[in-house]
Amino acid sequence: MDLNKVTPRIYVAATRQDDGKTTCCLGLYAALEKKFPRIGYIKPVGQRFVEVAGKKVDEDSVLVSDTYDVNLPIEAMSPIAVDRMFTRNYLKEGNLPEMQETIASAFNRVAWEHDFVIIEGTGHAGVGSVIDLSNAQVAHLLGSKAMIVTTGGVGRPVDEVSLNLALFEKQGVEVIGVVLNKVLPSKIEALRPWAEKAFAKMKLPILGVIPYLGELRRPILGQLARELGGEFLSGETFKRRRVRSIAIGAMTAARIKDQLGPGVLLITPGDREDLLMAVMEFLRDLQD
């Protein structure tokens, strides 16, 4: 299949898992919308997936789709979901050309009638090497330049970016710069000039500095429901509320009140009517 080489694209990679690629992609999507009216998104290889209409799709693709109402088939945004047996099956049978075709076909679908495409990677540059689809290899396959997201600091981020940069360069992928994420707001001003000097030695500009916000690390009810395989019997309109703490209903109704407060998630058996009544009483007292 001929790959779309016209639509502009960027591959968002990171130095390790949970450095903030998805957060970066969400922010980048909003920023690019000011210049490009139609933005496409794809996560070619995903490791954490949910089932949508009977298909395994990466959870980050679902998040981006829900947040921006991306007008794309969800399976095109998440063409390959790596489950528990995926690696063993690949090592046993090997089907790289087929997987490459799947990714290229999905990218063409995402790029069609779009003005820019954001490609989200998985973990650091080498993740996926065991199935011959590392981030560096996928970026090369899709003919994309890359940016690297790393955490705040100077020493460790520079060391880790250096390792990732080597893998991208090996695949002939140009890295255009670095985003420092999760930097304490009080340290941004002092950190930035030193980080700029350090990364300049690798000819990498700092594209942005994102402050650490503890609120972003708190899960929302919808995420917990998906993770636990649960469903909303009522109150689904509150699925985007964030959980600040968790209380386990393994105590008396009198004691549970000490655990309740704004943002508390109570986990309790459905037959603990005493606890449920205690919660209702607590809520009535708040209203009064």
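What follows is calculated from the coordinates using simple rules that are stated; it is not laboratory data. If you're wondering where the values come from, they're calculated on a predicted model, not measured in any experiment. Because the Cβ atoms are built from the backbone with ideal geometry, glycine has one as well, and the counts that use them run over all protein chains shown.
Most exposed first by the Cβ proxy, i.e. fewest other Cβ within 10 Å, how do Thr237, Thr268 rank?
Details: Thr237 8, Thr268 17.
Lowest count first: Thr237, Thr268.
Once you've got the Cα coordinates, tell me which of Lys34/Lys56; Lys5/Lys203; Lys21/Lys197; Lys34/Lys239; Lys145/Lys170; Lys34/Lys203 are over 20 Å apart.
Details: Lys34/Lys56 32 Å; Lys5/Lys203 26 Å; Lys21/Lys197 23 Å; Lys34/Lys239 28 Å; Lys145/Lys170 13 Å; Lys34/Lys203 28 Å.
Among Lys34/Lys56; Lys5/Lys203; Lys21/Lys197; Lys34/Lys239; Lys145/Lys170; Lys34/Lys203, the Cα-Cα distance tops 20 Å for Lys34/Lys56; Lys5/Lys203; Lys21/Lys197; Lys34/Lys239; Lys34/Lys203.
Does the range 108-186 come out rounded, prolate or oblate, given a ≥ b ≥ c as the square roots of the eigenvalues of its C-alpha gyration tensor, rounded meaning a/c under 1.5 and, failing that, prolate meaning a/b above b/c?
oblate
Check each of the GluC sites (Glu not before Pro) in the range 187-228 and keep only those in coil by DSSP with at most 15 other C-beta atoms within 10 angstrom; list them in order. Don't jump to the answer; show the numbers that get you there.
On the way: sites: Glu189, Glu196, Glu215, Glu227; in loops: none.
Passing both the DSSP loop test and the Cβ count: no residue.
Size of the chain along its principal axes in angstrom, Cα-based, largest extent first?
Each principal axis gives a Cα extent; for the chain these are 64, 49, 40 Å.
If you take every DSSP beta bridge whose two residues both sit in the chain, what share of them, in percent to the nearest 5, is antiparallel? Could the numbers behind the result be given before it?
Numbers: 5 of 34 bridges.
The answer is about 15 percent antiparallel.
Amide H of Ile210 versus every other amide H placed in the peptide plane: which residues, excluding those fewer than 5 positions away on the same chain, fall under 5 Å?
For Ile210, the qualifying residues are Leu180, Asn181, Lys182, Val183.
Could you calculate the FRET efficiency of Ala250 with Arg156 from 1/(1 + (r/R0)^6), where r is the beta carbon distance between them and R0 is 51 Å, rounded to 0.05? Could you put the intermediate results ahead of the total?
Numbers: r = 40 Å, r/R0 = 0.79.
Given R0 = 51 Å and the Cβ-Cβ separation, E is 0.80.
At 10 °C and a viscosity of 1.306 mPa s, what translational diffusion coefficient does Stokes-Einstein give for the range 221-287, taking Rh as the Kirkwood radius over Cα pairs? Give it in µm²/s as a whole number. Before the final figure, lay out each step's value.
Numbers: Rh = 12.8 Å.
For these conditions, the coefficient is 124 µm²/s.
What are the principal axis extents of the Cα atoms in the range 24-183, in Å, biggest first?
44, 42, 25
Could you tell me the calculated FRET efficiency between Asp285 and Leu96, based on Cβ-Cβ distance and R0 = 41 angstrom, to the nearest 0.05? Mind showing how you got there, number by number?
Details: r = 62 Å, r/R0 = 1.51.
With R0 = 41 Å, the Cβ-Cβ based efficiency is 0.10.
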